[in-house]
Amino acid sequence: MAEAAIELIGINKSFGAVRANRDIALEVPRGTIHGIIGENGAGKSTLMSILYGFYQADSGEIRVNGKPTAIKTPNDAIAVGIGMVHQHFMLVENFTVLENVILGAEGEPLLKKSIAKARSELQRLEREYGLEVDPDAIIEELPVGLQQRVEILKALYRGAEILILDEPTGVLTPAEADHLFRILQQLKDQGKTVVLITHKLREIMAITDNVSVMRQGTMVATRKTSETTVEELAELMVGRRVLLRVEKGDANPGDVKLLVKNLTVKDSRGVTMVDDVSFDVRAGEIVGIAGVAGNGQSELLEAISGIRKAVSGTVLLDNKAIDVTGNADPAELRDRGLAHVPEDRHHVGLVLSFEENENSILGYHDKPQYLKGPFLNLDAIQKDAQDKIAKYDIRPANPRLKTANFSGGNQQKIVLAREIEQDPGVLIVGQPTRGVDVGAIEFIHKRLIAMRDQGKAVLLVSVELDEIRSLSDRILVMFAGRIVGERGPEASEGEIGLLMAGVERKEAAE
Amino acid sequence: MEFVDALINILNSTIRVSVPLLLACLAGLYSERSGVFDIGLEGKMLAGAFAGAAAAAVFASAWIGLLVAMLVSVGMALVHGFASITHRGNQIVSGVAINFIAAGSTIILGQAWFQQGGRTPSLPPEARFGAINLPGADALRDVPVIGQIYSGLLSGHSLLTYVAFLAVPFTWWVLFRTRFGLRLRAVGENPAAVDTAGISVAWLRYRAVICTGILTGMAGSYMALAQNAGFVKDMTAGRGYIALAALIFAKWRPVPAMFACLLFGFLDALAIRLQGTPLPVIGKVPVQFMQALPYVLTVILLAGFIGKAIPPRAGGVPYVKER
C-alpha cells in the first residue's frame, strides 16, 4: 500500500445528544480513489466536513501526508491541499466561472492581475485534465455537469492534492456521471487522491480502489473494491441482508384505469414541457416513465394530478374525463380514487412543521372518519396515525413528533401511507426513493408491487433507471417532453439510456 | 434665454435635493449587496444629521460635525449588524427599531442639550460646508449655455455634493474591480460559497454595514451642515425610504442608482418649482397635490416601469452554517 495521504485516528463528533461520528479510523492511500459509503445519516458528510474544517472534531487526530495537522477552518484545509466539491454547489450563480474560481484566492486587493492569472491557470488545468469550461460563462447558464466541473476547478486552482466529492452524481445524468468518472480517473493518474462519498453502490464498484463503509456514525469496514461485492457492501451498510432485486410475479393487466391522450403542458415561462403525450395505465400494472430530470416528467405528473393546468389534451380516469385544461381539483380527484405521491415531499407532499399525525391525514382531513361535527376528531386521527406507523414501520413511532424530525425515508413512508391507505384505484408516484436509504427503498418497492398485485394502476416516474427497470411492467421513455419509446422490463439499460438521451429519434430520421 | 435659466435653476435644485438621496442610496447598496437588508437608512441619516449639527454647534467646526455624524451613524449601523449578523435577528425589525430610536432620541437629546424644542442652534457659516466656486466660474457666467451650465449648475455646491457624485464611480470601481467588492457581491448571493472559500461571512458583512454607516453619516451631515444650518426634528422626512426605492429601481447598481436619485430629486425640485404656479389647461393645482406628486410617481414607477428587480439572493437571510 502506498503512503497514506489522509489518516484519521479516533475521530469523535457529537451534535447535542446525537453522536454523528464515533471513534472513526480511516486511512486513504495516496494516488487512489477511495469510496466512503453509507446510508443517509450514517455520518459520512459530517466526517468529511471535519476533514475540510467546517466542523471540528470533539477528539481525534487528522494526519495529512503523515503529519499531524490541525484543521480549524476551510482555510487550513486548503493550505494543506485538501479541496472539497460539495453536494450542493458552493457557487455564486450570477458570477462568471472565473470570478467563482478566484473567490477567496484572489491574492491581492485589485482583481485585474488575479483574473489574468486565473485565466491562464484555467487553460493549463483544462489541458491537463480535460476540464473544458468557458471561463466567462455565467454559472446559472451552465448545465449542472459543467457547474460541478467549476467546483473541481476551484479546488484544483487552490492547489488541491486531495479532492473530496460529496454525493457528486446525485444531480447528474448517466452520461455526465460517466464523464465525471473519467475526470476522476485522470486526476488519479496524475497522482491526486480522490475521496468519493456516495450511497450508490454501483458507483463504488465502478470507480474506486478501496471502499469504507459507515453505519450509524461508525466505520464498520474497509475493503479493496476488487475483493468485495455489491451484496456484501449493502449488508454492511444496512446491518442486515438486503434484497437488491425486487421480487415480483408477472403482471396481470386488467381494464384501462387512466388514459392520457394528446396531453400538452407548458411551464410558467410558456415553454412546452409536455408535448402531445398519450399513454394508458391499466389495473394491475406498473407503468414507469424513465427520463433525465427536466424532460417534462414533473409537469406531466402535475397536470394529471390537477396541480398544473394543461394547454390541451384529455385525461380519463375510469373512463370519465378529468378537466386537466380547466379547473381540475386535486381534492375531487382524490375522491375519485386518484392518489398522488408528489416528487418533492418537502414542499408539496408534507408540511414539515406539522406533527406526524397531521401530515398523515392531510388532504383527507375532511373525510367523515376524521371529523366530529365541524371539528377534527383528534382521537381518531391519532389512532389512524398509530396504525399507519405500525403498518409502515415509521420510526420513531411517535405521531406527535414534528415531521421535520423524521429521516427522509420515514417522511416518504408517511406520504405513502397516507395515499395508499385511502385505497385509491390509481396511484401516481414521483421519485418515490429520492433521498431515501437502502432499507426504506426495499420497503417502498415492496409496497408498490403489493399495490399492483391488488389490481391497482400505478404510474411511476423516477430518474433512477434501476428503479424503473426493476419495478415497471412497461417502460415509457420521455425526452424533451415527448414519449420517445416504450419497452418491456427486459430492455437493457443501454437501450433505455440511449432513448433517454434522445438518440433514437435521430436514427429514425436517417 | 429665460427658459435656459429656468431649466438650470430646476436642475440645480435637483442636484441639491438628490445628494442626500444619493448618499443614502449608495449606503444601502453596500449593505444590501452583502445580504443585509437595511430599512434603517432613514434613522441613521437622521441620527447623523443630529449628531453632526450638535457637534458642529459645540465645536464650531463643520469637519468635527461630519466626523461625529459618521461615528454615530456607524455606531447605529453596527447595532443593526450585531442584531442581524451576529444574532441572526430579523433585519426588518432591527431596521425599524433603529428608525424609532433615531426619531425619538434626536428630539429628546436635542431638547435636553439645547432647549430649542428639539432643534440644534443655528450654525454660523464657518461651522457649515459652504459653496465651493469652481475655478473660472465667475468669469464664465455670461457665456451662453456652456458658461451658464458650468457656473450655474456645476459650480457652487458644497464639498459633500462633489463627494457624493464621486462616490458613484468609486463604488462601481470597488464593487467590480476589487477583491473586497467581489467578496461583497458573493456574500450577498451565496454566503455558503464565501464560507467554504475560507472567508469570514460575518466580518465581511460587518465591513459592509460600516460602509453604510459612513455614507448615511455623510447624508445626514449634508442635510444639517450644508443644505440647512442646523438640525430640525424629523428633517430627513422619509428620504431614507425614497433612497431604498431608488436602490430597488436601480437594481442595486451604482450608476443607475445615481440616475434614479436624480430622477426622484428632479420630481421633487419640479414640485417645489410648480407650487402656486398655474399650469396650462389644468389651472391652479393645490400645493398638497404638487407635494404628493413625487411620491405618487415613485409608486407608479416602482410598480410598473422597472421590470423584474432581482435582489441579492441571500438578502434578508441570516447566514447559518448548515449541518
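Since every read-out is calculated from the coordinates, none of them should be taken as a lab result. Fair warning: this is a prediction, and the values are worked out from it, not measured in the lab. All Cβ positions, glycine included, derive from the backbone under ideal geometry; neighbour counts span all protein chains shown.
About the Cα centre of the stretch A:4-238, how large is the charge dipole given +1 on each Lys and Arg Cβ and -1 on each Asp and Glu Cβ? Please answer in debye to the nearest 20. Please list the in-between numbers first.
Numbers: 25 positive and 32 negative charges, 127 e Å.
In total the dipole reaches around 620 debye.
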**Message:** For residue A:192, give me every one of the aspartates and glutamates with a C-alpha distance below 14 angstrom, ignoring sequence neighbours fewer than eight places off in its own chain.
**Reply:** A:3, A:128, A:161, A:209
**Asked** Distance in nm between label sites at residue A:240 and residue B:273, each 7 Å beyond Cα in the beta-carbon direction?
**Response** 8.4 nm
**Prompt:** Stretch residue A:61-residue A:464 to full length: gain in nm at 0.36 nm per residue minus the Cα-Cα span?
**Reply:** 141.2 nm
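Could you tell me which GluC sites (Glu not before Pro) in the stretch A:1-66 are loop residues by DSSP with no more than 11 other beta carbons within 10 angstrom of their beta carbon? Mind showing how you got there, number by number?
On the way: sites: A:3, A:7, A:27, A:39, A:61; in loops: A:3, A:39.
Answer in residue order: A:3.
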**Asked** Under the definition of partner shielding as Cβ atoms of other protein chains within 10 Å of a residue Cβ, what is the mean value for peptide B:48-55?
**Response** 0
**Message:** Helix-only mean residue ellipticity at 222 nm, chain A, DSSP H runs n ≥ 4 weighted -39,500 (n - 2.57), per residue, nearest 500. What is it?
**Reply:** -9500 deg cm²/dmol
**Complete:** With label points set 7 Å from each Cα along the Cα-to-Cβ direction at residue A:209 and residue A:221, the distance between them in nm comes to 2.2 nm
**Complete:** Expected integer from the mean partner chain Cβ neighbour count at 10 Å over A:101-109 is 5
**Message:** Strictly over 28 Å apart at the Cα level, which of A:261/B:308; A:188/B:321; A:13/A:200; A:154/A:266; A:113/A:154; A:383/A:456 would you flag in this model?
**Reply:** A:261/B:308; A:188/B:321; A:154/A:266
**Prompt:** Rounded if a/c is under 1.5, else prolate if a/b beats b/c, else oblate: with a ≥ b ≥ c from the C-alpha gyration tensor eigenvalues square-rooted, which is the stretch B:1-145?
**Reply:** oblate
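Classify the stretch A:368-441 as rounded, prolate or oblate from the Cα gyration tensor: take a ≥ b ≥ c as the square roots of its eigenvalues, call it rounded if a/c is under 1.5, otherwise prolate when a/b beats b/c and oblate if not. Numbers along the way, then the final one.
Numbers: a/c = 2.40, a/b = 1.46, b/c = 1.64.
Judged from the Cα gyration tensor, the stretch A:368-441 comes out oblate (a/c at least 1.5, b/c at or above a/b).
Would you mind working out the magnitude of the charge dipole of the protein assembly as shown relative to its Cα centre, with +1 at each Lys and Arg C-beta and -1 at each Asp and Glu C-beta, to the nearest 20 Debye? Mind showing how you got there, number by number?
Numbers: 84 positive and 88 negative charges, 471 e Å.
Result for the protein assembly as shown is approximately 2260 debye, rounded to the nearest 20.
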**Prompt:** In what order do A:347, A:86 fall by count of nearby beta-carbon atoms within 10 Å, going from fewest to most?
**Reply:** A:347, A:86
**Request:** Return B:163, A:18 ranked ascending by Cβ neighbour count within 10 Å, so the fewest neighbours appear first.
**Result:** A:18, B:163
**Item:** Gaussian network model of chain B, springs between alpha carbon atoms under 10 Å - residue of B:96, B:143, B:209 with greatest fluctuation
**Value:** B:143
**Asked** Antiparallel as a % of all DSSP beta bridges within the protein assembly as shown, to the nearest 5?
**Response** 60 percent
**Efficiency of FRET between residue A:12 and residue B:93 - r from beta-carbon atoms, R0 35 angstrom, step 0.05** = 0.35
**Asked** So which trypsin sites (Lys or Arg not before Pro) in the stretch B:3-95 end up in coil per DSSP with only 13 or fewer other C-beta atoms within 10 Å?
**Response** B:88
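What do you get for trypsin sites (Lys or Arg not before Pro) in the stretch A:270-328 restricted to DSSP loop and a cutoff of at most 15 other Cβ within 10 Å of the site's Cβ? Write out the running numbers ahead of the final one.
Details: sites: A:282, A:308, A:309, A:320; in loops: A:308, A:309.
The qualifying sites are A:309.
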**Asked** Would you list B:252, B:173 from fewest to most Cβ contacts within 10 Å?
**Response** B:173, B:252
**Request:** Give the calculated FRET efficiency between residue B:154 and residue B:228 to the nearest 0.05, with a Förster radius of 25 Å applied to their Cβ-Cβ distance.
**Result:** 0.65
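Does the protein assembly as shown come out rounded, prolate or oblate by the C-alpha gyration tensor, with a ≥ b ≥ c the root eigenvalues, rounded set by a/c under 1.5 and, if not, prolate when a/b is larger than b/c and oblate if not?
Numbers: a/c = 2.18, a/b = 1.69, b/c = 1.29.
Verdict is prolate for the protein assembly as shown.
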**Request:** Using the charge dipole of chain A (Lys, Arg: +1 at Cβ; Asp, Glu: -1 at Cβ; taken about the Cα centre), state which of A:86, A:199, A:397 has its Cα farthest towards the positive end.
**Result:** A:397
**Message:** Whole angstrom only: what separates the Cα centroid of the stretch A:267-346 from the Cα centroid of the stretch B:210-229?
**Reply:** 59 Å
**Request:** Under 20 Å from a label point 7 Å along Cα→Cβ of residue A:23: give me every residue in the stretch A:49-64 with its amide N that close.
**Result:** A:57-63
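Under the definition of partner shielding as Cβ atoms of other protein chains within 10 Å of a residue Cβ, what is the mean value for peptide A:80-88? Could the numbers behind the result be given before it?
On the way: counts 0, 0, 0, 0, 1, 0, 4, 0, 3.
That average works out to 1.
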**Complete:** For the stretch A:4-238, percent of DSSP beta bridges that are antiparallel (nearest 5) comes out at 55 percent
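Could you compute the FRET efficiency for residue B:108 and residue B:143, with r as their C-beta to C-beta distance and R0 at 51 Å, rounded to 0.05?
Efficiency at R0 = 51 Å is approximately 0.45.
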**Prompt:** Got a sec? Charge dipole of the stretch B:165-323, +1 on Cβ for Lys and Arg, -1 for Asp and Glu; which of B:212, B:244, B:176 is way out at the positive end?
**Reply:** B:176
**Extension gain (nm, one decimal) between residue B:132 and residue B:291, 0.36 nm per residue minus Cα-Cα** = 54.3 nm
**Message:** Given the options A:380, A:370, A:406, identify the residue whose Cα lies farthest towards the positive end of the charge dipole of the stretch A:351-423 (+1 on Cβ of Lys, Arg; -1 on Cβ of Asp, Glu).
**Reply:** A:406
